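The values are calculated or read from the model by the stated rules, or taken from the named source; none is laboratory data. Everything numeric here is computed off the predicted structure, so don't read it as measured data. Every residue, glycine among them, receives a Cβ derived from its backbone with ideal geometry; neighbour counts consider all protein chains shown.
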Amino acid sequence: MIEVVIIADDLTGANATGVLLARQGFKTSTFLNLDKNLKETEQKFNVISTTTDSRGLTEKEAYFRVNDVVKFFKDKNVRLFSKRIDSTLRGNLGAEIDAVLDELPQDYVAIVVPAFPSSERITVGGYLLVNSVPLEKTDVSKDPKTPIYHTFVPNMIKKQTKNSVGFIPLSKTLKSSDLVREAILDEKVKGNKIIVIDATTNEDIALIAEAVKESKLNVIQMYWNYKGLQ
């Protein structure tokens with residue numbers, strides 16, 4: 001039975017995420033096409049990863065591709081939808097988050113943790129640093145299809161989303177899961193449906209995952225790194 005659906009914007013991301021979860025003991029598979037063949041095999045897996053191949057598309061095209069995936073799975077009692085994001089934040093971040101949120105009940109929020117410490121991607125003060133360099137000053141920012149002009153993650157998302165974006169700084173992540181849980185609930189009360197959270201280590205990510213679990217909120221996860229998913 002499918003418990004987790006991973007939606008990636010390219011095949012590399014879909015496969016890489018599947019491998020990470022398989023190493024944690026999940027039965028995973030990557031599907032390129034969502035059709036009757038999936039229905040015949042879905043009982044064999046508890047994690048399905050799929051790609052929308054939407055990183056280089058327009059916001060509108062990316063939105064509909066992701067939204068179609070959520071529609072396909074939303075009546076299958078999926079426990080968690082997770083939107084895999086690029087570790088250097090290329091692509092249609094806000095539009096694809098909206099595509100998931102729009103298809104789920106109104107009480108859902110998106111938890112965005114754009115850090116991958118093992119590859120020297122961390123977020124401090126809402127800014128993504130790659131090998132200690134702000135993202136906008138790296139070669140990645142010059143990508144011809146998806147250039148990066150600034151590094152403050154909440155603003156990168158705000159450019160494309162119709163939802164309010166909140167932010168939880170590293171000062172809270174460093175202290176305790178209880179403090180992060182309270183901050184998440186506060187952001188929800190403020191009406192923020194997308195919440196960006198700083199992280200610099202795998203331990204930070206695990207602490208955030210615990211805080212999300214303790215919050216009892218219905219969430220979609222926007223992680224690159226899946227430490228703490230269990």
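Against the test of being closer than 19 Å to LYS193 by Cβ and not in a loop (DSSP other than H, G, I, E, B), the options ALA95, ALA14 yield a single qualifying residue, ALA95. A single entry from SER171, SER141 fulfils the requirement of being of a type in the set (Gly, Ala, Ser), more than 18 Å from the chain's Cα centre (by Cα), assigned to a helix (DSSP H, G or I) and under 18 Å from ILE85 (Cα atoms): SER141. Pairs meeting the criteria (first residue in region 119-144 and over 21 Å from ARG55 (Cα atoms), second residue at pLDDT 95 or above and part of a helix (DSSP H, G or I), beta carbons under 6 Å, at least 6 apart or on different chains) are VAL124/LEU170; GLY126/VAL153; GLY126/PRO154.
Residues are listed down the side, and each one gets a yes or a no for (1) within 16 Å of ASP143 (Cβ to Cβ); (2) among the small types (Gly, Ala, Ser); (3) within 16 Å of the chain's Cα centre (by Cα); (4) at pLDDT below 90:
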| residue | (1), (2), (3), (4) |
| --- | --- |
| LYS60 | no, no, no, no |
| VAL69 | no, no, yes, no |
| LYS76 | no, no, no, yes |
| ARG79 | no, no, yes, yes |
| ARG84 | no, no, yes, no |
| ASN92 | yes, no, yes, no |
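Restricting to region 130-172, and then to whatever is in contact with a Lys or Arg (Cβ under 9 Å, 6 or more places away or on another chain) and small (Gly, Ala, Ser), can you tell me which residue is surrounded by the most Cβ atoms within 10 Å (Cβ to Cβ)? Ranking the candidates gives GLY166 first. Once region 177-215 is narrowed to residues that are at pLDDT 95 or above and basic (Lys, Arg), the residue that is farthest from the chain's Cα centre (by Cα) is LYS190.
Within region 10-21, being without any contact (Cβ under 8 Å) to a residue 12 or more places away in the chain and aliphatic (A, V, I, L, M) holds for ALA16, VAL19.
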